[in-house]
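Chemist: Below is the structure I would like to discuss, written out as structure tokens.
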Amino acid sequence: MRPEDESQSEFEPLDSCDERILSVINELHHRHDPIPVDLNERVQFVLELEAELDARVARVSRSGDLVLTRGDSELMVGQGDPASVTFDCEAVTVMVTPRPSAPGGLRLDGWIGPEGIYEVELRSPEGSRRASTDGSGRFALEGVPDGQMLQLVIRPDETLQRQGLPAVVVTPAVRL
Amino acid sequence: MNAISAHPVDAVDYDRRAQLYLSARAGDGSAQQALVTELNEILWRAARRTGLDRERAADVVQTAWLRLWHIEKELEHPRALTKWLLTTVSREAWKQIGHMRREVLADPIDIRVEETAESAEDGLVRDAEREAVRRAFLAQPERCRQLLAFVATVSRPDYDIIAEALGMKRGSIGPTRGRCLDKLRRTLLDDPSWSAGEERDENAA
């Protein structure tokens, strides 16, 4: 039996009062915690990239300030800066700190570990910006549009890949 | 919830979703987009229910979609797509939470906040009713709040999904929902602003 068919009839029917209560509960949650307006857009955006990439892709996810309490503070460049966002997976850590620069624009300072040279692509709906890191994994991007959806695509150089790093590392689409 | 029979548009059409999934797998971008638009909110709520903050919840939803298109073979049961996605969201969320050693909240969505002036235009009756439900909801035990928040979001919720998401025994979900709604109702009936709303409704009809 298909599970959905089975379960659709499992709940006892509700009367109109229960329905009304549940719809208000649902409404309260909608009002106090609405889904981010651009979440559909973000999902489409990362799926588009995924369709283009055929290399070995690793995904990093947000780690955040709680990493600090675990004693990994050496990974946190610009430690304590509330604007910083850190992403990691087993092999790679990426940290970016956005700062206002030109009007409506941001400067993005980033650091990627382990140390080495990476090609960095910053995707936004407007297009891509590219930078390379120095030998210690640092990079900076100027003139990044403020409030835009962004995604980092990071390509470790061959030396790093020989050390076992994946060919491509991607972040989720975020708004900084 | 049960208005499903009266409003077929609310019913979850698993066959249609399965069809969209298969078309999307075959490369139909608009089918993919339709699925994302339809399911994102349910997935977002599921991620939030685990206690993840808003940004991380958004990340986890993205990851679930990426995983879906990444698996080489098609889902064995395309009609179970919604369940597959919800399970993936929960697992990804728990992975993150475990990683962060974070305390998980029972109902991370804070509906304690008093309504602000912007809601005034909705009319006083609706406001009073909403406030009454909010108070009554918050007065319920944690277990009930979790379950009711869940069944309020998903029309025709799937027992397996609830069992997994809330760590409940499958067989206890139906009776617990009944008991929780019953308690909530009794709390509400003691609240003058709810019964007032009730009377006004009858007069209006």
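Taken together, the values in this text are just the output of simple stated rules run on the coordinates, not laboratory data. Just so we're clear, the structure is a prediction, and the values are computed from it rather than from any experiment. Methodologically, a virtual Cβ is constructed for each residue, glycine included, from the backbone with ideal geometry; neighbour enumeration extends over all protein chains shown.
Chemist: Please compute the modelled spin-label separation between B:TRP94 and B:LYS73, points set 7 Å along Cα→Cβ, answer in nm with one decimal.
Modeler: Here the answer is 2.4 nm between the modelled labels.
Chemist: On to the next question. Grab the other residues whose beta carbon is less than 15 angstrom from that of A:LEU165, score K and R as +1, D and E as -1, and report the net. The partial results should precede the final answer.
Modeler: Values: positive: A:ARG56, A:ARG59, A:ARG155, A:ARG162; negative: A:ASP88, A:GLU90, A:GLU115, A:GLU119, A:ASP157, A:GLU158.
Net charge in that neighbourhood comes out at -2.
Chemist: Tally Lys/Arg at +1 and Asp/Glu at -1 over every other residue whose Cβ is under 13 Å from the Cβ of A:THR133; what's the total? Walk me through the numbers on the way to the answer.
Modeler: On the way: positive: A:ARG130, A:ARG138, A:ARG155; negative: A:ASP109, A:GLU115, A:GLU119, A:GLU121, A:ASP134, A:ASP157.
Computed value for this residue: -3.
Chemist: Mind running the shape call on region A:99-141? Use the C-alpha gyration tensor, a ≥ b ≥ c as the square roots of the eigenvalues: rounded below 1.5 for a/c, prolate if a/b tops b/c, oblate otherwise. Please list the in-between numbers first.
Modeler: Details: a/c = 3.21, a/b = 1.63, b/c = 1.97.
The shape class here is oblate.
Chemist: Rounded, prolate or oblate, given the Cα gyration tensor of region A:39-175, with a/c below 1.5 counting as rounded? It would help to have the intermediate numbers written out before the result.
Modeler: Numbers: a/c = 1.37, a/b = 1.05, b/c = 1.31.
Rounded.
Chemist: Say each of B:ALA163 and B:GLU142 gets a label point 7 Å from the Cα, pointing the same way as Cα to Cβ; how far apart are those two points in nm?
Modeler: 2.3
Chemist: What net charge is computed for the residues neighbouring A:GLU121, neighbours being all others with C-beta under 12 Å from the C-beta of A:GLU121, Lys and Arg scored +1, Asp and Glu -1? Each step should come with its number before you reach the end.
Modeler: Details: positive: A:ARG123, A:ARG129, A:ARG130, A:ARG155; negative: A:GLU52, A:GLU119.
That works out to +2.
Chemist: Amide H to amide H, which residues 5 or more places from A:GLY137 or on other chains are under 5 Å from it, using H placed in the peptide plane?
Modeler: Those lying under 5 Å, H to H, from A:GLY137 are A:GLY116.
Chemist: So if R0 is 22 Å, what FRET efficiency would A:ARG138 and A:GLN163 give, r being the distance between their Cβ atoms, rounded to the nearest 0.05? Don't skip to the answer; put the middle values down first.
Modeler: Numbers: r = 19 Å, r/R0 = 0.84.
That gives a FRET efficiency of 0.75.
Chemist: Residue by residue through B:130-140, how many Cβ atoms from other chains fall within 10 Å of the Cβ on average? Please list the in-between numbers first.
Modeler: Values: counts 5, 2, 2, 8, 6, 0, 3, 5, 1, 0, 0.
Neighbouring Cβ atoms belonging to other protein chains average 3 per residue here.
Chemist: Using the Karplus equation 6.51 cos²θ - 1.76 cosθ + 1.60 (θ = phi - 60°), what ³J(HN,Hα) coupling, rounded to whole Hz, does each residue of region B:176-185 give in order, writing x for Gly and Pro?
Modeler: 5, 4, x, 5, 5, 5, 4, 5, 4, 5
Chemist: Let me ask something additional. Between B:ASP190 and A:SER101, how many nm apart are label points set 7 Å from Cα along the C-beta direction?
Modeler: So the label points at B:ASP190 and A:SER101 sit 6.1 nm apart.
Chemist: If amide H atoms are built 1.01 Å from N in the plane of the peptide, which residues on other chains or at least 5 residues away come under 5 Å of the amide H of A:VAL168?
Modeler: Here the answer is A:ARG56, A:ALA58, since their amide H atoms fall under 5 Å of that of A:VAL168.
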